[in-house]
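A.B. asks: Submitted below is the structure of interest, expressed as structure tokens.
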Amino acid sequence: MKRERIRLGVLVLATTLVLNIGVVAEASSATPFGASRWREPRVTYVVSGSRYYRNIYATAIRAWNSTGQFRFIQGSNAHHQVTLTTSNSTTGQYHMLAGITFTYGPQKGYYNQAKVLLLTRNLATYHYTTSNQIHVAEHELGHVMGLQHSTARNSVMLADNRYNGISRNDITAVKKRYHTPVGRHS
Ligand SMILES: [Zn+2]
């Protein structure tokens with residue numbers, strides 16, 4: 001009996017060591033997440049704007065939904081949590097921005113509402129291609145889910161991302177965000 005317990009202890013220690021090495025190796029490129037999230041890894045949304053921008057959002061949504069970690073579900077004007085739209089403003093808080101996300105809810109609590117704006121005139125001025133704009137939409141949806149800016153060169157959450165699609169570390173971060181209680185961040 002005593003021997004079995006000791007052996008089990010050694011096994012657990014070895015497993016823990018392997019896990020720790022994995023975490024340390026990944027830490028530098030992990031996509032960070034904040035203290036807030038939605039109650040469940042899914043939200044309802046409505047999208048407005050030109051047909052072109054509705055397609056940009058639809059493509060970004062398909063990309064995130066296909067990761068299997070979060071679902072953006074079409075809602076109605078009367079019932080939705082997230083508003084996806086556009087603005088041609090270039091001044092004030094929108095100066096030099098490609099997109100912006102506003103999230104609402106109690107501090108360090110669950111989000112209950114969010115709004116994303118793609119800033120169409122800035123996107124045109126700085127010659128963002130359709131592909132670049134889809135990446136901006138994917139980045140903003142990352143904020144909607146609770147992700148924060150990454151310094152990893154291939155992350156969709158790079159602060160000024162234009163060229164990166166969703167990376168493996170970005171997907172892992174969404175999974176971790178929704179397996180980590182609200183109030184705790186990475
Ligand atoms: Zn951002």
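A.B. asks: Suppose the filter is touching a Pro at 6+ places or on another chain (Cβ under 7 Å) and surrounded by fewer than 23 Cβ atoms within 10 Å (Cβ to Cβ); does residue 178 pass it?
C.D. replies: yes
A.B. asks: If a residue must be over 23 Å from residue 185 (Cα atoms), away from the ligand (no atom under 16 Å from the Cβ) and buried (at least 17 other Cβ atoms within 10 Å of the Cβ), how many such residues does the range 80-116 contain?
C.D. replies: Counting residues in the range 80-116 that are over 23 Å from residue 185 (Cα atoms), away from the ligand (no atom under 16 Å from the Cβ) and buried (at least 17 other Cβ atoms within 10 Å of the Cβ) gives 3.
A.B. asks: Suppose the filter is at pLDDT 95 or above, surrounded by fewer than 17 Cβ atoms within 10 Å (Cβ to Cβ), of a type in the set (Gly, Ala, Ser) and closer than 26 Å to residue 49 by Cα; does residue 165 pass it?
C.D. replies: So residue 165 passes the test.
A.B. asks: Now, a different point. I'm trying to understand the selection: among the residues of the range 137-148, which are more than 9 Å from the ligand (Cβ to nearest atom) and touching a Pro at 6+ places or on another chain (Cβ under 8 Å)?
C.D. replies: Within the range 137-148, just 145 meets the criteria.
A.B. asks: Then there is this: Considering 151, 180, 172, 125, which residue is farther than 21 Å from residue 36 by Cα and away from the ligand (no atom under 12 Å from the Cβ)?
C.D. replies: So the residue among 151, 180, 172, 125 that is farther than 21 Å from residue 36 by Cα and away from the ligand (no atom under 12 Å from the Cβ) is 125.
The values are calculated or read from the model by the stated rules, or taken from the named source; none is laboratory data. None of the values given here were measured: they were computed from a predicted structure. All Cβ positions, even for glycine, are placed from backbone atoms using ideal geometry, and neighbour counts span all protein chains on display.
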